[in-house]
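*Asks:* Take a look at the following structure, please.
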Amino acid sequence: MKPHLLFSLVLPLWLIASCDDTSTASNNANNTNNTNNTNNTNNTNNTNNISLSRMVTFNTRAIEACGTWPPENQPELNYLTPQNVRAGVVSVALMNTHKDISPLELTGDGTILDLDLSGGDTLFSGLIPQGTYTHLRIGVAWSQYEVPTMVHYTGDFMGTLRTNMALSSHTHPEYGPRSQGDYNATVAVMGQSRDFSGTTPLNCVISNTGGIASTFGSEFFVRIPIPGGPLLVDEENTEAATVDLDFPLGDTFSFRDKETAGFAAGTLDVTTDLAESETPDALVECNLFLSDRCTEEGVVPIHPTWAMPDSDIGFCTDGAVMATCPVEGETAYGQDANYSVHPLDYSAAGGVVTDNVTGLVWQQGMVEGSFDWWEARDACHALELGGYSDWRLPSRIELVSLIDYGALDPTIDLDAFPGTPSDFFWTASPVPFLNMIYGVRFELGFIYDHDPYSAGRVRCVRSEYTPPPERFSVVGETVEDNGTGLVWQRAHHPEAVGWLDALAYCESLELDGQTDWRLPSLKETQTILDERRLQPTIDVVAFPQTPSEWFWSSTAIQYPPDEAWCTSFTDGYASIHAFTELHLVRCVR
């Protein structure tokens, strides 16, 4: 959990100590007007002499939500949408590519533009010279927001917490010189207020929609794809244009609620004894300006809403490849080859493959070449195939659904996907907190991460996605996944065991009146990973006390025949381990 502003709050007597809470509304309004005029005038003067240009206005607004997909909230967290969101923007630049090291600076004279993001404001308006621009880079000096707060003293009092966070080192008209990570905050209750301040590290990462919020030295930048595709300025594109950078901040501010009588839901509760469970663990600055979240680029399903296809495994092993697979009651029974729950089933036509188990529609071939992650995303967005143009890079779990662990080099059905190389393929899913991207290497089927600037292959997907209202239902000692239909043992087997013992344990398990338990396949274990979390990478409410350890699957490999696949609930990776190694077990039915 990221440290935040409330660690320094101590409460005695501050409700009766009146502080002069200086208002900055008039200053902010003056700064906004002065800066808007200065930036726009300067930019117009700089570009008036350009023979070919285009008047472009970038508007930006923080909104409650966008698109048709609800946010994936974490269980047992309260969520608040920040109010009165403002940001101080110090620079705006246009980039020819996401790697552009010399972007076209539209502003940047050091003046900080004070934007009202909750009400909507103009980020920039002026002439843009001839060129093709794919990304917008925004330098941010500070962010400010408010959340409702309950204060407990002689009674319970509703108030407001206002936070102003320094994202880049700068001089603030109210707070003076500040270094990156400095914050100033005010809790105001019943006409009284308390000011406090401190410093916290910034820890923003790549979003699952391609935007990057990052620090360079003492500066903070947001880099986003321009909504609607590249901005063109040429002989055919000279008319005035408006680009709306709407980005959702609904449920951005989250915190764990203390189990104390009288605490109201949907408020941040401030007490004299501030526990870690009260500390916010999602911060506004990491989402500022990521406007691509409101376009089709934000379509990244993080968990399946369909059954996971099996692998077509035609061998069994007990340490050596067996002449025939074991039957129920024999040693090594229960491995992947013993069960065929959802066999692979594809239909192909016109360069498009439909997975009849998942309903996902795939590009049969590949985008030619190798790409970094942002190029891979762009390649899918640009694809027109089979009469469709809504192709996208698949999420981690979608790409995992294509793996066939019964095949080798590559681990995929070559009848459906001929010519697939045994290479690393990109997914659309970032690894949380690490600035890395999940992918699958189809040589053996390893699932791991890659530096987003490195090279990978691309196969695109399209689908409709309607997440269930509630992903997991806990019933007794079991958990039903409402997306896949699988029913899981809620508490894992407490002892680490070898692979053959893991098979035997699940085959003999009786739980909640059911006896048809089995060890899950590797692909099934991947379905309960939670891509928003690390250590452990799982829903810790549905599956409490799950350690960040390796868990066995029923999926063995043929060579060498004494190893099987495991999923790490530290980070979601999949790897091969010897039968004799001791790992944990969670059964499924």
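*Asks:* For segment 416-426, which positions are of a type in the set (S, T, N, Q) and surrounded by fewer than 16 Cβ atoms within 10 Å (Cβ to Cβ)?
*Replies:* Correct list: SER422 only.
*Asks:* Kindly provide the set of residues from segment 387-415 that are of a type in the set (Val, Ile, Thr) and either outside any loop (DSSP other than H, G, I, E, B) or open to solvent by 30 Å² or more (accessible area, probe 1.4 Å) (or both), ordered by number.
*Replies:* Within segment 387-415, ILE397, VAL400 qualify.
*Asks:* Given the residues ASP114, ASP156, which is the only one that is open to solvent by less than 20 Å² (accessible area, probe 1.4 Å), of a type in the set (Asp, Glu) and touching a residue at least 12 places away in the same chain (Cβ under 8 Å)?
*Replies:* Within the list ASP114, ASP156, the selection yields ASP114.
*Asks:* Which pairs have Cβ atoms under 9 Å, sit 6 or more apart or on different chains, and link a residue in segment 328-340 that is under 14 Å from TRP499 (Cα atoms) to one that is open to solvent by 90 Å² or more (accessible area, probe 1.4 Å) and of a type in the set (Asp, Glu)?
*Replies:* Listed by first residue and then by second, the contacts come to GLY334/GLU328.
*Asks:* May I pose another question? Answer with yes or no whether THR525 is within 27 Å of GLU398 (Cβ to Cβ), at pLDDT below 95 and of a type in the set (Val, Ile, Thr).
*Replies:* So THR525 fails the test.
*Asks:* Condition (residue is among the hydrophobic types (A, V, I, L, M, F, W, C), within 19 Å of PRO103 (Cβ to Cβ), at pLDDT 85 or above and open to solvent by 10 Å² or more (accessible area, probe 1.4 Å)) applied to segment 213-224: is it met by at least one residue?
*Replies:* There is at least one residue in segment 213-224 that is among the hydrophobic types (A, V, I, L, M, F, W, C), within 19 Å of PRO103 (Cβ to Cβ), at pLDDT 85 or above and open to solvent by 10 Å² or more (accessible area, probe 1.4 Å).
*Asks:* I'm trying to understand the selection: among the residues of segment 499-512, which are open to solvent by less than 30 Å² (accessible area, probe 1.4 Å) and either part of a helix (DSSP H, G or I) or touching a Lys or Arg at 6+ places or on another chain (Cβ under 6 Å) (or both)?
*Replies:* Across segment 499-512, the qualifying residues are TRP499, ALA502, LEU503, CYS506.
*Asks:* Inside segment 557-589, can you point out the residues that are among the acidic types (Asp, Glu) and free of Cβ contacts under 8 Å to residues at least 24 places away in the same chain?
*Replies:* Of everything in segment 557-589, just one residue is among the acidic types (Asp, Glu) and free of Cβ contacts under 8 Å to residues at least 24 places away in the same chain, namely GLU563.
*Asks:* For segment 118-162, please list each of the strands (runs of 3 or more DSSP E) lying entirely inside it that holds at least 2 residues being among the polar types (S, T, N, Q) and within 25 Å of the chain's Cα centre (by Cα).
*Replies:* In segment 118-162, the matching strands (runs of 3 or more DSSP E) lie at 135-152.
*Asks:* Does GLU384 count as open to solvent by 50 Å² or more (accessible area, probe 1.4 Å), under 29 Å from THR97 (Cα atoms) and without any contact (Cβ under 8 Å) to a residue 12 or more places away in the chain?
*Replies:* So GLU384 fits the description; yes.
*Asks:* For segment 571-589, give me the residue count where each residue is in contact with a helix residue (DSSP H, G or I) (Cβ under 7 Å, 6 or more places away or on another chain) and surrounded by fewer than 17 Cβ atoms within 10 Å (Cβ to Cβ).
*Replies:* Of the residues in segment 571-589, 0 are in contact with a helix residue (DSSP H, G or I) (Cβ under 7 Å, 6 or more places away or on another chain) and surrounded by fewer than 17 Cβ atoms within 10 Å (Cβ to Cβ).
*Asks:* Report, by residue number, each residue of segment 427-465 that is in contact (Cβ under 8 Å) with a residue 40 or more places away in the chain, open to solvent by 30 Å² or more (accessible area, probe 1.4 Å), assigned to a loop (DSSP other than H, G, I, E, B) and under 16 Å from ALA574 (Cα atoms).
*Replies:* LEU444
*Asks:* Regarding THR515, is this residue surrounded by fewer than 20 Cβ atoms within 10 Å (Cβ to Cβ) and without any contact (Cβ under 8 Å) to a residue 60 or more places away in the chain?
*Replies:* yes
*Asks:* I'm checking my understanding of the structure. Among residues of segment 460-516 that are touching a helix residue (DSSP H, G or I) at 6+ places or on another chain (Cβ under 9 Å) and of a type in the set (Ser, Thr, Tyr), which one is farthest from PHE371 (Cα to Cα)?
*Replies:* THR515
Quick grid of which residues meet (1) part of a loop (DSSP other than H, G, I, E, B); (2) of a type in the set (Val, Ile, Thr); (3) open to solvent by 40 Å² or more (accessible area, probe 1.4 Å); (4) at pLDDT 95 or above:
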site: HIS303; (1), (2), (3), (4): yes, no, no, no
site: PRO309; (1), (2), (3), (4): yes, no, no, yes
site: GLY314; (1), (2), (3), (4): yes, no, yes, no
site: GLY319; (1), (2), (3), (4): yes, no, no, no
site: VAL341; (1), (2), (3), (4): yes, yes, yes, no
site: ALA348; (1), (2), (3), (4): no, no, yes, yes
site: VAL353; (1), (2), (3), (4): no, yes, no, yes
site: THR358; (1), (2), (3), (4): yes, yes, no, yes
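*Asks:* Related question: Output the number of residues of segment 496-510 satisfying the condition of being without any contact (Cβ under 8 Å) to a residue 40 or more places away in the chain and over 16 Å from CYS566 (Cβ atoms).
*Replies:* The number of residues fulfilling the criteria is 2.
*Asks:* Check ARG137, ARG162, ARG86, ARG178 and return the single one that is among the basic types (Lys, Arg) and closer than 30 Å to GLU235 by Cα.
*Replies:* From the options ARG137, ARG162, ARG86, ARG178, the qualifying one is ARG137.
*Asks:* Need pairs with beta-carbon distance below 8 Å; first residue acidic (Asp, Glu) and within segment 228-244, second in a loop (DSSP other than H, G, I, E, B) and open to solvent by 80 Å² or more (accessible area, probe 1.4 Å); sequence gap 6+ or separate chains.
*Replies:* Every condition considered, the pairs that remain are ASP234/GLN130.
The values are calculated or read from the model by the stated rules, or taken from the named source; none is laboratory data. Values in this document were obtained by computation on a predicted structure and should not be read as measured data. A quick note on method: Cβ atoms are made from the backbone with ideal geometry, for glycine too, and the neighbour counts reach across all protein chains shown. What goes into the accessible areas is simple: the full protein's heavy atoms, side chains included, and nothing from ligands, DNA or RNA. Shrake-Rupley method; radii C 1.70, N 1.55, O 1.52, S 1.80 Å.
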